[in-house]
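Q: This is the structure I have questions about; it appears just below.
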Number of protein chains: 2
Amino acid sequence: MSGILHIAGLGPGDDALVTPEVTEALAQATDVIGYIPYVARVAPRDGLTLHPSDNRVELDRATHALQLAQAGARVVVVSSGDPGVFAMASAVFEAVEREPAFESVDIRVLPGITAMLAAAARLGAPLGHDFCAINLSDNLKPWAMVEHRLRMAARADFAMAFYNPRSKSRPHQFAEALDILRAECGPDRLITFARAVTTPEEAFNTVTLGEATPEMADMRTVVIVGNSATRRVGRYVYTPRSAV
Amino acid sequence: MSGILHIAGLGPGDDALVTPEVTEALAQATDVIGYIPYVARVAPRDGLTLHPSDNRVELDRATHALQLAQAGARVVVVSSGDPGVFAMASAVFEAVEREPAFESVDIRVLPGITAMLAAAARLGAPLGHDFCAINLSDNLKPWAMVEHRLRMAARADFAMAFYNPRSKSRPHQFAEALDILRAECGPDRLITFARAVTTPEEAFNTVTLGEATPEMADMRTVVIVGNSATRRVGRYVYTPRSAV
């Protein structure tokens, strides 16, 4: 008896952004596993066991999901956004690497609308030219690497999207990130704080780097920094397709 | 009478990846505008006028869409993938910038599954850590800027996704891009050529930079280059969440 493990992206919050592929996988699932608020988005029904778990236990959660699928269950690991962007997909493959017996499990990643692209759509088209995505958390990498990547990204003149910009456990680092960006990009560069995108608590705040303060971001915020050509037109923010 | 202009992402090809939000916008539309193969994905029906147009007329197409919406139509501009990623959203805002009367048009961008994230999902999780997206076409920027961005991205140790890697009109540039990547990242770095993702013609080819040749890419290919930690596990390619 062989099960299947789907790693599914629920998008940023609005159910109108959940793909039919993900909806179908959830309809067929016997077990749904994930961080508490994401599992809470899945409606209970007969024949479905929900397994909500706390944050920062990604490897344990991945191993549990692989064990259930190995035993024949139809498992969906749910992530917010896209599972391949700073979410559960990498954690599952790390768990497979640690336990080669899991290589026989049928694993399929189902993409979703990731927060930066939902935020960009609401704003206009700030990521319409070359861009990068950086996780500002230093849980899994040294802060010096984040600083280096910010400098390289600024010198490449990428537009940038930042996930996990700020948490209570590291309040000073985002201030340092803003200092680096101001030094590299100047004070007039546009920066948008997009909070809880597509949910009832959605809020947008577009300012210049000179006006930006660390308190504008929290754990539910994705931050978008324009490139040197990003500008406002009407109520929108966009980056032209042409670099010059 | 005031219309509306939706700029909608159809995803990479499979209808199971079209969001319900986009499906609803198309169901309500009076006019659908876009590049011929994307408009061909929309079923004809009474009350809907399809406006297919050729490639490289993005600004004309955007202006036409804005004029129709201004006159009261419910217009959907369709893009493949996500309209905010190297697609029609920026072109529409460029058209608004040229003609301020268009600022009164209600414009809403509806995100979609962009090719790099669909390809990454099929592969495993190659974009599971910090990454960048670069359009390798020099239609709208100097090739020297592409080269500079490739070097900065390599020195940031970003995973990378390339759109429009190669076309008949510029056959030599992708070879130069591969040379830069080999010089910066070494010959063992993994690179995947993902063609026609989620369509019946889908094909994946993962090799090392040392093995990669320009002919492995064409206009329907998105290219994904790993960071220094990207590796294979079983039949998957993934980038660990940890940088070290």
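The values are calculated or read from the model by the stated rules, or taken from the named source; none is laboratory data. Given the structure is predicted, the values throughout are model-derived calculations rather than measurements. Using ideal geometry, Cβ is built from the backbone for each residue, glycine included, and neighbour counts are taken over all protein chains shown.
Q: State yes or no: is B:ARG149 among the basic types (Lys, Arg), outside any loop (DSSP other than H, G, I, E, B), within 25 Å of B:VAL18 (Cβ to Cβ) and facing chain A (nearest Cβ under 10 Å)?
A: When the stated conditions are applied, B:ARG149 does not pass them.
Q: Only one of (1) within 8 Å of chain B (Cβ to nearest Cβ); (2) out of contact with any Gly (no Cβ under 6 Å at 6 or more places or on another chain); (3) not in a loop (DSSP other than H, G, I, E, B) is not met by A:LYS141, so which one is it?
A: The single condition A:LYS141 does not satisfy is (3).
Q: Kindly establish whether A:ALA125 is more than 8 Å from chain B (Cβ to nearest Cβ) and either hydroxyl-bearing (Ser, Thr, Tyr) or touching a residue at least 24 places away in the same chain (Cβ under 8 Å) (or both).
A: When the stated conditions are applied, A:ALA125 does not pass them.
Q: Take the residues of the stretch B:77-90 that are within 15 Å of A:LEU123 (Cα to Cα) and more than 7 Å from chain A (Cβ to nearest Cβ): which is farthest from the chain's Cα centre (by Cα)?
A: Per the stated criteria, the residue is B:MET88.
Q: Every residue in the stretch A:69-82 that is crowded, with 24+ Cβ neighbours inside 10 Å, under 15 Å from A:ILE4 (Cβ atoms) and in contact with a helix residue (DSSP H, G or I) (Cβ under 6 Å, 6 or more places away or on another chain), please.
A: Residues satisfying the conditions are A:VAL75, A:VAL76, A:VAL77, A:VAL78.
Q: May I ask you to say which residue of A:ARG149, A:ARG122 is more than 17 Å from the chain's Cα centre (by Cα) and either at positive phi or not acidic (Asp, Glu) (or both)?
A: After ruling out the rest, the residue left standing is A:ARG149.
Q: Out of the residues in the stretch B:203-233 that are in a loop (DSSP other than H, G, I, E, B) and within 14 Å of another protein chain (Cβ to nearest Cβ), state the one that is surrounded by the fewest Cβ atoms within 10 Å (Cβ to Cβ).
A: Among residues in the stretch B:203-233 that are in a loop (DSSP other than H, G, I, E, B) and within 14 Å of another protein chain (Cβ to nearest Cβ), the one surrounded by the fewest Cβ atoms within 10 Å (Cβ to Cβ) is B:SER228.
Q: Right, next: May I ask you to say which residue of B:ALA159, B:ALA133 is at the interface with chain A (Cβ under 9 Å from one of its Cβ atoms) and in contact (Cβ under 8 Å) with a residue 40 or more places away in the chain?
A: Testing whether each residue is at the interface with chain A (Cβ under 9 Å from one of its Cβ atoms) and in contact (Cβ under 8 Å) with a residue 40 or more places away in the chain leaves just B:ALA133.
Q: Hey, among B:LEU117, B:LEU66, B:LEU50, B:LEU59, which residue is without any contact (Cβ under 8 Å) to a residue 40 or more places away in the chain, on the phi < 0 side of the Ramachandran plot, within 14 Å of chain A (Cβ to nearest Cβ) and buried (at least 16 other Cβ atoms within 10 Å of the Cβ)?
A: Numbers: B:LEU66 fails: without any contact (Cβ under 8 Å) to a residue 40 or more places away in the chain; B:LEU50 fails: within 14 Å of chain A (Cβ to nearest Cβ); B:LEU59 fails: buried (at least 16 other Cβ atoms within 10 Å of the Cβ).
Just one listed residue meets the conditions, B:LEU117.
Q: Would a scan of the stretch A:205-214 turn up a residue that is in contact with a Cys (Cβ under 9 Å, 6 or more places away or on another chain), closer than 26 Å to B:ASN135 by Cβ and without any contact (Cβ under 8 Å) to a residue 60 or more places away in the chain?
A: yes
Q: Looking only at the stretch B:103-114, decide whether some residue is among the β-branched types (Val, Ile, Thr), in contact with a strand residue (DSSP E or B) (Cβ under 7 Å, 6 or more places away or on another chain), within 7 Å of chain A (Cβ to nearest Cβ) and under 17 Å from A:ALA156 (Cβ atoms).
A: Among the residues of the stretch B:103-114, not one is among the β-branched types (Val, Ile, Thr), in contact with a strand residue (DSSP E or B) (Cβ under 7 Å, 6 or more places away or on another chain), within 7 Å of chain A (Cβ to nearest Cβ) and under 17 Å from A:ALA156 (Cβ atoms), which makes the answer no.
Q: Follow-up question, since we're still on this one. Residues B:VAL146, B:VAL237, B:VAL197: which one is touching a helix residue (DSSP H, G or I) at 6+ places or on another chain (Cβ under 6 Å), modelled with pLDDT of 95 or more, buried (at least 20 other Cβ atoms within 10 Å of the Cβ) and within 22 Å of A:PHE131 (Cα to Cα)?
A: Of the residues listed, the single one that is touching a helix residue (DSSP H, G or I) at 6+ places or on another chain (Cβ under 6 Å), modelled with pLDDT of 95 or more, buried (at least 20 other Cβ atoms within 10 Å of the Cβ) and within 22 Å of A:PHE131 (Cα to Cα) is B:VAL197.
Q: Can we say B:ARG182 is surrounded by fewer than 23 Cβ atoms within 10 Å (Cβ to Cβ), under 21 Å from B:ASP130 (Cα atoms), of a type in the set (D, E, K, R) and within 11 Å of another protein chain (Cβ to nearest Cβ)?
A: Values: surrounded by fewer than 23 Cβ atoms within 10 Å (Cβ to Cβ): yes; under 21 Å from B:ASP130 (Cα atoms): yes; of a type in the set (D, E, K, R): yes; within 11 Å of another protein chain (Cβ to nearest Cβ): no.
Here the answer is no, as B:ARG182 does not meet what is asked.
Let's see how each residue does on (1) in the same structural domain as B:ASN227 (by TED's automatic domain parsing); (2) part of a helix (DSSP H, G or I); (3) within 17 Å of the chain's Cα centre (by Cα):
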residue	(1), (2), (3)
B:VAL75	no, no, no
B:VAL92	no, yes, yes
B:PHE102	no, yes, no
B:GLY128	yes, no, no
B:ALA153	yes, yes, no
B:LEU178	yes, yes, no
